[in-house]
Amino acid sequence: MSAGAGAVIPPAATPPAATRPAATPPEATAPNPTAPSDDDALLAGQAAARPDMTRDDDVPVGEEWHSPLYAMACRQFARAADVLSLDDEARTRLLEPRRSLVANFPVRMDSGDVVNFTGYRVQHTLTMGPTKGGLRFAPDLGFGECAALAMWMTWKCSLVGLPFGGAKGGVRCDPYSLSVGELERITRRYATELLPVIGPDVDIPAPDMGTGEREMAWFYDTYSQSVGYAVPAVVTGKPVALGGTVGRQTATGLGVVFAIESAFEDLGWSIEDRQFIVQGFGNVGSVVAHELHARGAKVLAVSDIRGAIANSHGLDIPAVMQWVAEHQYLEGFPEAEAVDGAAMLELPCDVLVPAAREEQITGANASALQCGLIVEAANGPTTTAADRILEDRGIVVYPDVFVNAGGVIVSYFEWVQSHQKYNWEATEVRERLRMQMQQACLRVTGTSEQLKTDLRTAALASAISHVAEAAHLRAIYP
Ligand code: NAD
């Protein structure tokens with residue numbers, strides 16, 4: 001059956017044996033020089049996803065979002081679409097972003113100079129309701145990265161049953177080298193540039209890398225000034241004093257740990273018997289490490305942009321958090337050994353949690369990993385070439401669109417509260433989050449069993465089939 005009209009995939013109770021990790025982590029294998037490079041896979045995958053693309057078409061006409069990350073998102077889409085036998089019409093409608101905005105805008109710096117900044121907003125699909133997605137402030141941010149992240153947001157929202165399409169945006173800047181005043185002027189001007197495409201029922205931003213509550217407060221105020229009254233539902237992740245929800249700041253990390261608990265329940269593993277490594281010690285990674293430590297797990301190593309720290313007896317995570325609060329970076333933490341950040345990924349452990357950024361587990365290091373499971377807290381941390389190597393090695397990957405969905409789930413709770421002008425209790429937020437993560441885990445593992453495919457493809461297939469069905473029912477306008 002063609003899945004263009006929406007293939008309904010019912011959940012099943014247990015994952016197939018093929019998706020279960022070995023009881024002990026596999027030993028590292030020697031790198032395979034004949035393994036497909038990410039570039040090879042990129043061209044093959046794009047050609048499969050886009051019938052108008054050929055291997056000779058490096059950057060085909062209309063491929064405004066071209067970037068390695070967007071190509072990776074397209075390859076993942078193509079694989080799931082193939083498993084679903086999705087028809088060409090659905091592929092055409094779902095692959096490329098529906099609406100994109102690029103703005104180049106001047107900002108006066110503290111020095112008195114004027115600097116141009118580039119801001120982006122990409123809305124992947126308008127089929128499911130308003131769009132939703134984070135704002136990233138990063139020095140290397142590009143259009144293609146936003147397009148990939150927007151597409152993943154669509155699948156994430158669909159997988160966990162939220163009434164949103166995906167979006168992503170941000171400003172190309174280094175937030176750590178800017179003053180608070182400069183950041184405020186950048187955020188307010190960027191928000192103003194976005195006015196034609198955002199709104200509480202149009203597109204609702206949230207924090208992502210390099211942004212937080214403070215930027216959301218400025219964004220909320222700028223939008224509200226433009227319409228003349230307070231519109232708290234225009235952003236999520238804002239301070240509680242402005243109508244933000246309790247529990248949003250820790251939601252993504254807590255959701256990751258609920259995902260781990262659900263996966264472990266299936267596998268018959270218990271958290272306190274297991275050893276973890278967490279890459280990235282920011283908003284997401286620090287909460288993951290803290291919650292795991294609080295549950296009795298051994299967190300052997302954690303890293304940030306400057307390097308890693310490790311302790312074979314397990315790190316004292318509350319002490320590490322205190323150290324970072326005082327010193328900003330992990331380096332110098334006394335009760336641990338300093339380790340190279342890339343080498344940390346290859347240390348033996350039960351579970352590796354990439355929680356930093358995209359493309360960290362690649363064709364170059366996947367053969368050397370010595371973990372049993374990978375739980376993707378970051379967006380897009382594993383390349384397609386790495387996925388194939390890990391699959392061959394029996395290392396199971398719990399995919400980002402499932403694992404880090406806690407952030408957007410609690411953002412949805414905040415949006416509902418902002419619309420209703422009614423605040424929920426912390427326990428209600430936490431328990432609803434736990435329930436949605438458990439249900440999503442069942443959906444992913446059940447689909448994997450039904451379609452006899454890996455967990456990433458299963459998660460995407462489940463999400464894509466739902467959006468494809470909605471697109472089919474709404475038909476084409478006019
Ligand atoms: P953050 O900026 O708060 O923290 C990022 C951390 O990663 C920092 O500790 C940084 O030093 C570290 N880092 C950066 N590059 C690194 C590298 N090469 N090696 C090791 N560490 C490195 O960002 P965040 O909000 O924690 O987001 C992390 C990831 O989670 C991103 O992929 C983001 O898109 C994803 N995510 C975040 C949320 C959220 O609610 N914040 C929600 C869903 C997904």
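The values are calculated or read from the model by the stated rules, or taken from the named source; none is laboratory data. Because the structure is predicted, anything quoted here is derived from the model rather than measured. So basically every Cβ, Gly included, is an ideal-geometry build from the backbone, and we count neighbours across all protein chains shown. Side chains included, ligands, DNA and RNA excluded: accessible areas come from the protein's heavy atoms. Shrake-Rupley method; radii C 1.70, N 1.55, O 1.52, S 1.80 Å.
Summary of computed values
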| item | result |
| --- | --- |
| Total residues in the stretch 184-197, condition of a type outside the set (D, E, K, R) and open to solvent by 10 Å² or more (accessible area, probe 1.4 Å) | 4 |
| Scope the stretch 290-301; condition more than 14 Å from Val351 (Cβ to Cβ) and within 16 Å of the ligand (Cβ to nearest atom); matching residues | His290 |
| Selection status of Val401, touching a residue at least 40 places away in the same chain (Cβ under 8 Å), open to solvent by less than 10 Å² (accessible area, probe 1.4 Å), touching a Phe, Trp or Tyr at 6+ places or on another chain (Cβ under 6 Å) and not polar (S, T, N, Q) | yes |
| Tally of residues being surrounded by 16 or more Cβ atoms within 10 Å (Cβ to Cβ) and free of Cβ contacts under 8 Å to residues at least 40 places away in the same chain across the stretch 340-362 | 1 |
| Every residue from the stretch 326-339 that is away from the ligand (no atom under 13 Å from the Cβ) and either under 24 Å from the mean Cα position of the chain (by Cα) or open to solvent by 80 Å² or more (accessible area, probe 1.4 Å) (or both) | Glu326, Pro334, Glu335, Glu337, Ala338 |
| Residue in the stretch 250-308 that is surrounded by the fewest Cβ atoms within 10 Å (Cβ to Cβ), counting only those that are of a type in the set (Val, Ile, Thr) and over 16 Å from Ala378 (Cβ atoms) | Ile271 |
| Residue check for Gly62: open to solvent by less than 50 Å² (accessible area, probe 1.4 Å), at pLDDT below 95 and not acidic (Asp, Glu) | yes |
| Residue tally, condition more than 18 Å from Lys452 (Cα to Cα) and either within 16 Å of the ligand (Cβ to nearest atom) or within 9 Å of the chain's Cα centre (by Cα) (or both), over the stretch 381-401 | 6 |
| Count of the stretch 263-289 residues which are within 16 Å of the ligand (Cβ to nearest atom) and either among the basic types (Lys, Arg) or not in a helix (DSSP H, G or I) (or both) | 7 |
| Residues within the stretch 419-478 that are open to solvent by less than 90 Å² (accessible area, probe 1.4 Å) and at positive phi, tallied | 1 |
| Of all residues making up the stretch 232-246, the number that are part of a loop (DSSP other than H, G, I, E, B) and open to solvent by less than 40 Å² (accessible area, probe 1.4 Å) | 8 |
| Unique match (being crowded, with 24+ Cβ neighbours inside 10 Å and of a type in the set (S, T, N, Q)) among Asn365, Asn379 | Asn379 |
| Listing of strands (runs of 3 or more DSSP E) fully contained in the stretch 96-175 that carry 3 or more residues being open to solvent by less than 10 Å² (accessible area, probe 1.4 Å) and in contact with a Phe, Trp or Tyr (Cβ under 6 Å, 6 or more places away or on another chain) | 165-172 |
| Pairs with Cβ under 6 Å, 6+ apart, first in the stretch 277-293 and farther than 15 Å from Asp316 by Cβ and touching a residue at least 40 places away in the same chain (Cβ under 8 Å), second near the ligand (Cβ under 7 Å from one of its atoms) and open to solvent by less than 10 Å² (accessible area, probe 1.4 Å) | Gln279/Ser303; Val284/Ala377; Val288/Ala377 |
| Residue list for the stretch 190-224, restricted to those being assigned to a strand (DSSP E or B) and either more than 15 Å from the ligand (Cβ to nearest atom) or over 23 Å from the mean Cα position of the chain (by Cα) (or both) | Gly199, Asp203 |
| Every residue from the stretch 297-348 that is farther than 22 Å from Val375 by Cβ and hydroxyl-bearing (Ser, Thr, Tyr) | Tyr329 |
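Conditions tested, residue by residue: (1) more than 16 Å from the ligand (Cβ to nearest atom); (2) under 17 Å from Lys298 (Cβ atoms).
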position	(1), (2)
Gly341	no, no
Met344	no, yes
Val351	yes, yes
Ala356	no, no
Glu359	no, no
Gly363	yes, no
Gln370	yes, yes
Val375	no, yes
Asn379	no, no
